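Before any comments, here is the structure.
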Amino acid sequence: MQLTFIDLFAGVGGMSEGFLQARHGGIPLFRPLLLVDVDEIAAYTFQRNRPRVRYLVQDVRSLTGKDLRRAAGMSGGETLDALIGGPPCQGFSALRHNSPLDDPRNALLKEFLRLARDLEPRFILIENVKNLLHYDGGRFRDKVVAALEKMGYRSEAETLNAHQYGVPQIRERAFIAAFRSDTKIREFHFPKGKFPPLKFAKALMDDDGEPTPEILTPYISVEEAIGDLPPLQAGQAAQFYTMEPFTDYQYARRRGAALLHNHEARNHSADFLRKIARISPGASNQDLDGRRRFDRARLIKYFSQAYGRLHPNGIAYTITTHFLNPGSGRFMHYRDLRSITVREAARFQGFDDDFVFYGRVEQQQELVGNAVPPILARVLAEHFGEMLLEKEEASTLWRTRSLGKSAAK
């Protein structure tokens, strides 16, 4: 038996990719019915990669549950197993005093809840920025939970860090999971990651002030994630692999790929290359002495991660929608003098190499940076999907036995 899902605010389909990859006993656990987003490039990219999956390019505010059921090809009495999605929310500024659920910038979350009420899925999974759970002392989270409860759902919320689930990146995001009351799933929790939480600064020191030797790399490192990809100088591109994968992570990402896509370096100027040559792997502009810093003449200094280079044994920081700009974060390659490529960023996000990104390189950057890491999505899909499947199988067995007893009478 396969479970069904619809993905709202799907973007390039990172969450859907994880649900598509989810397995139960070696068999695909979920079957996609429909993805929805207003972004045409995101839809084009996903459908070039997964042409058999329906993708509706439309603003969800103009849609009803009936519209979605029709677009998904659902029959009148068919039950949707899962509704997933990450509605954009920007209304969490500490300067605002109105209820964030009523903030127009959070209107898309209300639209998601409206469509969830119409569709009545057995399971709901919402992804968002981590501040969703902590804003205003948690009162915004409580409003969302109360809205779900009013619709007949029992929910749990948690902030997850993607690196603990096998994603080679520090990326914290909020997730809300909810089961419809008639599923009889009342007590549940989020899955535990296979890697321990990262320790920073003083937490890495023992009582004598010396570094602790316990776990030096409790994560998949930068080099373990992208070290097999061809070296590039600024402005260069590569379409073929030049070395074999040397880690399990690299093998897994390259499994279905014959050619290399989206591995094109930004063309930095010679003057800029001379400047960033001062920064060693693992360091940033902030680590330069005062005379050599890029912001020495600025009243407002750059933030600590600006013009930062990755370290081969370190871990990637959150991949944003601006990773092609070295000044926007720690996005410079550890070996080559350049910012990371779209393919390297996609590796840090957990996309397989056979997933190709389309559009202008700036658009590709946004598609990758906005995506839910498929590896994390797969963990959640398998964890919660197996709960649904177990309840469905138990219910089917009960109905079969009941029918058998009635026939015997």
Practice task
Can you tell me how much longer the chain between GLU362 and ALA146 gets when fully stretched, taken as 0.36 nm per residue apart minus their C-alpha distance, in nm with one decimal?
Solution key: 73.9 nm
Problem - Cut-off 10 Å between beta-carbons: net charge of the residues surrounding HIS311, Lys and Arg +1, Asp and Glu -1 - result: +1
Practice task
Mind ranking 369-375, 219-225, 248-254, 358-364 by how tightly packed they are, going by the mean number of other C-beta atoms within 10 angstrom, highest first?
Solution key: 369-375, 219-225, 248-254, 358-364
Problem - Estimated vicinal HN-Hα couplings, Hz - the range 319-331 in sequence order (Karplus 6.51, -1.76, 1.60; Gly, Pro = x) - result: 6, 9, 8, 10, 5, 6, 9, x, x, 9, x, 8, 10
Practice task
Place the peptides 333-343, 35-45, 62-72 in order of packing, highest mean first, counting for every residue the other Cβ atoms within 10 Å and averaging per peptide.
Solution key: 333-343, 35-45, 62-72
Completion exercise
1/(1 + (r/R0)^6) with r = Cβ-Cβ of GLN58 and GLN2, R0 = 30 Å, i.e. FRET efficiency to nearest 0.05, evaluates to 0.70
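Readers should treat all values here as calculations from the given coordinates under stated rules, not as data from a laboratory. Values in this document were obtained by computation on a predicted structure and should not be read as measured data. Methodologically, a virtual Cβ is constructed for each residue, glycine included, from the backbone with ideal geometry; neighbour enumeration extends over all protein chains shown.
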